[in-house]
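Below is one structure, written out as structure tokens, with a few remarks after it.
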Amino acid sequence: MELVVSGVARGCTRGETYFVPAGTPHAARIEAGYADVSVFDEPGRYAPRPRPGAPVEVCGIDHVVLTVRDVAATCDFYRRALGMRVVEFDGRRALAFGGQKINLHEAGGGPEPKAAAPTPGSADLCLVTSTPVPEILGHLEREGIPVVEGPVRRSGALGPMTSVYLRDPDGNLVEVSRYEA
């Protein structure tokens, strides 16, 4: 999707062209005026607008690390529940989706440096999807994965969203959210 800014959109310049992946929540967010956190310079490539005076320009998250009891069980869960791809690198495994990944470290192991107190079950993740919530619920039910809460309306970084909560094998809280158009 190509968006030419013709009105007021925070972080965008009137008349500039921005490219946004069609069908993603970002398209609606830009049109709603949230462009300061969701403009793309080419399909799928995040390009934040500079913030004057910012000492460090953080533009996204590349990966997070989950400390888990059983890497294989964790890979199986996220593959079945959310369709994530399991990737291997440097003798380790990670869960890949979109342009990000979740690196998996087995409790008591993993490379240094690491978190001060790496503990299985201590994470709370919010993952964004373009899949309609009824389809998510149907899929989870077919896979035998219980929903902890939801669907419920929440406020995300880019605006209102509908969320469904589940727990992974270590007890991490996994929020699966779809932005409202």
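The values are calculated or read from the model by the stated rules, or taken from the named source; none is laboratory data. Since the structure is predicted, the reported quantities are computational estimates derived from the model, not experimental observations. Backbone-built Cβ (ideal geometry, glycine too); neighbour counts: all protein chains shown.
The table for this structure:
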{"read-out": "Failed criterion for S130 (all others in (1) surrounded by 15 or more Cβ atoms within 10 Å (Cβ to Cβ); (2) of a type outside the set (D, E); (3) closer than 21 Å to G60 by Cβ hold)", "value": "(1)"}
{"read-out": "Filter pass, G60 being surrounded by fewer than 12 Cβ atoms within 10 Å (Cβ to Cβ), under 18 Å from the mean Cα position of the chain (by Cα) and either under 27 Å from L158 (Cβ atoms) or modelled with pLDDT under 95 (or both)", "value": "yes"}
{"read-out": "Check on A72, of a type in the set (G, A, S) and within 19 Å of the chain's Cα centre (by Cα)", "value": "no"}
{"read-out": "Meets criteria (over 27 Å from D62 (Cβ atoms) and modelled with pLDDT of 95 or more) for V148", "value": "yes"}
{"read-out": "Single residue of E175, E149, E143 found to be in the same structural domain as E106 (by TED's automatic domain parsing), crowded, with 16+ Cβ neighbours inside 10 Å and among the acidic types (D, E)", "value": "E175"}
{"read-out": "Any chance G108 is more than 24 Å from G60 (Cα to Cα) and surrounded by fewer than 18 Cβ atoms within 10 Å (Cβ to Cβ)", "value": "yes"}
{"read-out": "Strands (runs of 3 or more DSSP E) enclosed by region 56-167 - at least 1 residues per element that are closer than 19 Å to R178 by Cα", "value": "92-97, 100-106, 124-128, 149-156, 159-167"}
{"read-out": "Cβ pairs under 7 Å, 6+ apart, first in region 46-63 and under 23 Å from N103 (Cβ atoms) and among the hydroxyl-bearing types (S, T, Y), second modelled with pLDDT of 75 or more and exposed (fewer than 11 other Cβ atoms within 10 Å of the Cβ)", "value": "Y46/G60"}
